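The structure appears right after this line, and notes come after that.
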Amino acid sequence: MFRNFLLSAAMTLVATVTFAAPVFPPVEIEDLNERTVALPAGLPGKATVVFLAYSRAHQADVENWIASMRGTMEFVQIPVLGRGAGLMRGMINGGMRDGMNNPDLQGRTFNFYQSASTLNDPLEVANDSVVQVFVVLRSGEVVWSTAGQVSQAGLDGLVAAYNGANR
């Protein structure tokens with residue numbers, strides 16, 4: 001009898017456990033045009049492609065993803081620089097702004113000067129040694145994600161998720 005009770009209790013517990021999906025956490029952040037935006041509510045599209053880059057070496061991967069989208073999707077890029085880089089925020093932002101020389105791209109670039117875990121934990125990022133790619137709704141819901149360099153399979157998944165989320 002006790003065994004049946006334990007089995008029943010265990011099954012009830014398993015049936016009621018819900019797994020949290022990755023979510024983009026609410027953050028206030030400034031783009032390179034010095035405009036403060038509350039993300040994810042302030043994302044530019046109903047669904048937006050969000051790139052997280054953790055090192056300068058990731059920029060080429062982000063640029064390849066963006067080029068493969070051929071201007072058909074809303075996106076933002078977030079270099080995750082960490083708290084320590086915040087001491088040089090003005091110099092970093094100015095250098096990036098000068099290097100881009102494109103106000104539209106500057107408005108889609110948000111340098112993140114907080115701990116990477118602020119984004120990584122709720123987004124369930126396990127590996128920040130590669131670029132992270134998400135399709136995020138303004139509610140913060142992540143409807144698709146991948147990591148690393150652009151590939152045909154990755155691009156096909158991105159297009160399907162983005163288009164599905166924008167219906």
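The values are calculated or read from the model by the stated rules, or taken from the named source; none is laboratory data. Just so it is clear, the structure is predicted and the values come from calculations on it, not from any experiment. A quick note on method: Cβ atoms are made from the backbone with ideal geometry, for glycine too, and the neighbour counts reach across all protein chains shown.
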Some residue of region 96-107 being under 14 Å from the mean Cα position of the chain (by Cα) and either modelled with pLDDT of 95 or more or among the charged types (D, E, K, R) (or both) = no
Report whether or not Ser117 is among the small types (Gly, Ala, Ser), at pLDDT 95 or above and more than 19 Å from Asp61 (Cα to Cα).
-> yes
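How many residues does region 30-71 hold that are among the hydrophobic types (A, V, I, L, M, F, W, C), more than 19 Å from Ser145 (Cβ to Cβ) and touching a residue at least 40 places away in the same chain (Cβ under 8 Å)?
Keep residues of region 30-71 that are among the hydrophobic types (A, V, I, L, M, F, W, C), which gives 32, 37-39, 41, 43, 47, 49-53, 57, 60, 62, 65-67, 69.
Add one more test, that the residue is more than 19 Å from Ser145 (Cβ to Cβ), and what stays is 32, 37-38, 41, 57, 60, 67.
Add one more test, that the residue is touching a residue at least 40 places away in the same chain (Cβ under 8 Å), and what stays is 32, 37, 41.
Selection size over region 30-71: 3.
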State the number of residues belonging to region 96-128 that are under 23 Å from Ser139 (Cβ atoms) and among the hydroxyl-bearing types (Ser, Thr, Tyr).
-> 3
Quick one: would you say Gly86 is closer than 24 Å to Ala161 by Cα and either more than 15 Å from the chain's Cα centre (by Cα) or of a type in the set (A, V, I, L, M, F, W, C) (or both)?
-> no
Given the structure, is Leu123 hydrophobic (A, V, I, L, M, F, W, C) and more than 18 Å from Pro44 (Cβ to Cβ)?
-> yes
